[in-house]
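**Q** One structure coming up, written as structure tokens, with questions to follow.
Each value in this text was obtained by applying a stated rule to the coordinates, not by laboratory testing. The shown structure was predicted, so the numbers you read here are calculated from the model rather than taken from an experiment. Every residue, glycine among them, receives a Cβ derived from its backbone with ideal geometry; neighbour counts consider all protein chains shown.
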Amino acid sequence: MARADWYRLDNVGKFYASQAGRGGQTVFRFSATMNDAIDPKALQAALIRLVERFPGFNVKLRNGIFWHYLEPSGEIPAVQPEAVPVCTGLHTGLDSVLFRVNYFRDRINLEVSHMISDGRGTLEFFRALLAAYVERRYGVPANLPEDPVPLSRRTEDSYTANFEREKAGSSETPKVYHLSGWKNTAEPTFMEYHLPAGEVHQRAKAMGVSVTMLMIAAVIVAIRNTMPPSKRDRAIRMDVPVDLRDMFESETLRNFFGLAFVSYTPGKVDESLETIAHKVQEQLTGGTDPEALKRRMNSMLKIEKNPLIRAAPLFLKDGGLMIGNWMAAQEVTTTVSSIGRIRLDDTTEPFVREINISTSTRGLNFLFCTFKDVLSMSISSAYITHDVVRAFVGVFTELGVHGTMSVNKSAEQVDEDLRQARFEHASKQIAAARRKGSSR
């Protein structure tokens, strides 16, 4: 089958391409903990097999006069032992391929730039990679039949294919609460909080809500419990990515998601977790309505399709998109994403013990998935202190659901973070004392 000489970036990909070469690139990491130590040769052989099947991943970013675009890479990246920090930026030069595969002991990591795919598209690549690896490593036939979907459908820009200018619209934004504190954006902290999925499901069912609503409500409670009293009149607002493929009958592996929003203003009274979960469910029922998602999607595309913007040179577009990125960040407190329950084929799943998904951050992000009977919440934080994370864990402790936490940093790094946190706290106390003294 003939391969494309180049690919247009989709609407979301253009936004993330404006980050190229900067430290804040958005990258997904899908990790699988296997039963045995990783065989690098088997993993490389599996990757070689998969690249032919998923050509839209083995690409490099190129600069045009008016837009960035993607060009197929002439080589397949080599599988490497893990030697770079989690979700390190993938575009560092002209020869940078926008995905990587590495391993550590019994763990396989696939990292993908958000320029080329979203969580759902990357999951399909990841599942196929694991199946091909298991076949090569253990001699178990992989369930990888010929893909009946034409390549053109797999690499389609589904945003443009479903654009309807007349359906564009926007929504009002409340006064939003923003997290504060010192950050280390160069070395964010990546945490994995593992909970028994069955117990979380039981608690959600008892409340009359889904697991997703419970998890979002738990994040809201955690932030509320750490807010300064003077800020409780501001809304805790989060964006929740929603897969659009089923809605538009799309089979693309590229970015194709919309955003629903949840807002909650704490006020003076602490409502229960169950009450908040029901309010979240009510908002998301409306926010994920097809017409609401279409309005937001078409609103983004309408800007891109503006003749004046299309005629602007690339450097001006990138500058405008960076400003747009900053403005969008001012409209939310945090992001909560769900990949849902992950299932592998019957021949692959017995060899996989655990799956986790993380994403890079310049603030605080929550992303969760369920595999077998483990609900894994990946928490990415650029903040030095982790009060919100501790409060989040406390929500489930109060529910009687106990989990385990793993962190990507060493004891020495954590100790350095604690020293900085103490210094930040002391600085705030000094500043507060000075304000109090000056007001006398």
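**Q** Can you give the extra length, in nm with one decimal, that the chain gains between K372 and Q202 once fully stretched, where that is 0.36 nm per residue apart less the Cα-Cα distance?
**A** Contour length minus Cα-Cα distance gives 59.6 nm.
**Q** Relative contact order for the chain: what percent, with Cα pairs under 8 Å and sequence separation of 6 or more?
**A** After rounding, I find 23 percent.
**Q** Restricting things to Cα coordinates, could you compute the convex hull volume per residue of region 7-161 in Å³?
**A** Dividing the Cα hull volume of region 7-161 by its residues yields 110 Å³.
**Q** Then there is this: If you plug each phi of region 178-183 into the Karplus form 6.51 cos²θ - 1.76 cosθ + 1.60 with θ = phi - 60°, what whole-Hz ³J(HN,Hα) values come out, in order, with x for Gly and Pro?
**A** Rounded to whole hertz, the list is 10, 5, 10, x, 6, 10.
**Q** Just from the alpha-carbon atoms, what are the Rg and Dmax of region 220-263 in angstroms?
**A** According to the Cα coordinates of region 220-263, Rg and Dmax are 16.1, 47 Å.
**Q** Report the rotationally averaged projected area of region 73-125 based on its alpha-carbon convex hull, in square nanometres.
**A** Its average projected convex-hull area is 4.2 nm².
**Q** Nearest 500 deg cm²/dmol is fine: what mean residue ellipticity at 222 nm does the chain get from its DSSP H runs of n ≥ 4 alone, each adding -39,500 (n - 2.57), divided by its residue count?
**A** -12000 deg cm²/dmol
**Q** Scan around V374 for amide H atoms under 5 Å from its own, H built in the peptide plane at 1.01 Å from N, and keep only partners 5 or more places away or cross-chain.
**A** Excluding prolines and chain starts, which carry no amide H, the hits are A197.
**Q** Quick one: grab Rg to one decimal and Dmax as a whole number for region 239-361, Cα atoms only, in Å.
**A** 18.8, 55
**Q** Any idea how far the Cα center of region 294-355 sits from the one of region 232-247, in Å?
**A** After rounding, the separation between the Cα centres reads 12 Å.
**Q** Could you give the length gained by full extension between E274 and T88, i.e. 0.36 nm per residue of separation minus their alpha carbon distance, to one decimal place?
**A** 63.2 nm
**Q** Going toward the positive end of the dipole of region 7-161, with +1 on Lys and Arg Cβ and -1 on Asp and Glu Cβ, which of A131, G23, V101 do you reach last?
**A** Most positive-ward Cα: G23.
**Q** A235's amide H: which non-local residues (gap 5+, or another chain) put their own amide H closer than 5 Å, with H modeled 1.01 Å from N in plane and none for Pro or chain starts?
**A** Under 5 Å from the amide H of A235 lie the amide H atoms of K175, V176, Y177, each far enough along the sequence or on another chain.
**Q** Tell me, how many Å apart are the Cα centres for region 18-71 and for region 367-385?
**A** 22
**Q** Please give, to one decimal in nm, the separation of the simple spin-label points placed at E52 and T173, each 7 Å out from Cα toward the Cβ.
**A** 4.8
**Q** I would also like to ask the following. Using the count of nearby Cβ atoms within 10 Å as a rough guide to exposure, how do D318, D233, D118 rank from fewest to most?
**A** Result, fewest neighbours first: D233, D318, D118.
**Q** Then there's this: Over region 300-404, how many percent of alpha carbon pairs lie in each 5 Å bin up to the one with the longest distance?
**A** 2, 9, 14, 15, 14, 12, 11, 9, 8, 5, 2, 0
**Q** Rounded to the nearest 20 Debye, what is the dipole magnitude of the chain about its Cα centre when Lys and Arg each give +1 and Asp and Glu each give -1 at the C-beta?
**A** Roughly 1560 debye for the chain.
**Q** On each of the three principal axes of the Cα atoms of the chain, give max minus min coordinate, whole Å, ordered largest first.
**A** 76, 55, 43
**Q** Could you calculate the contour length gain from R153 to T285, that is, 0.36 nm times the residue separation minus the distance between their Cα atoms, to one decimal place in nm?
**A** Contour length minus Cα-Cα distance gives 44.6 nm.
**Q** Would you grab the residues whose amide H sits under 5 Å from the one on L9? Only those 5+ places off in sequence or on another chain, please, with H modelled 1.01 Å from N.
**A** HN-HN under 5 Å from L9: L70.
**Q** Still on this model: Working from Cα positions, state the angle (0 to 90°, nearest 10) between the long axis of helix 273-287 and the longest principal axis of the chain.
**A** 50
**Q** Using only Cα atoms and rounding to the nearest 10 degrees, what angle (0 to 90) does helix 314-329 make with the longest principal axis of the chain?
**A** It is inclined by approximately 40 degrees.
**Q** While we're looking at this one, here's another question. Could you go through region 241-247 in sequence order and give the Karplus-derived ³J(HN,Hα) for each residue, using 6.51 cos²θ - 1.76 cosθ + 1.60 with θ = phi - 60°, rounded to whole Hz, and x for Gly and Pro?
**A** So the Karplus estimates, Gly and Pro as x, are x, 10, 5, 9, 5, 5, 4 Hz.
**Q** Could you go through region 32-44 in sequence order and give the Karplus-derived ³J(HN,Hα) for each residue, using 6.51 cos²θ - 1.76 cosθ + 1.60 with θ = phi - 60°, rounded to whole Hz, and x for Gly and Pro?
**A** Result, rounded to whole Hz: 10, 8, 9, 6, 10, 4, 6, 9, x, 5, 5, 5, 5.
**Q** For region 103-225, taking Cα atoms only, what is the radius of gyration to one decimal and the Dmax to the nearest whole Å?
**A** 20.9, 57
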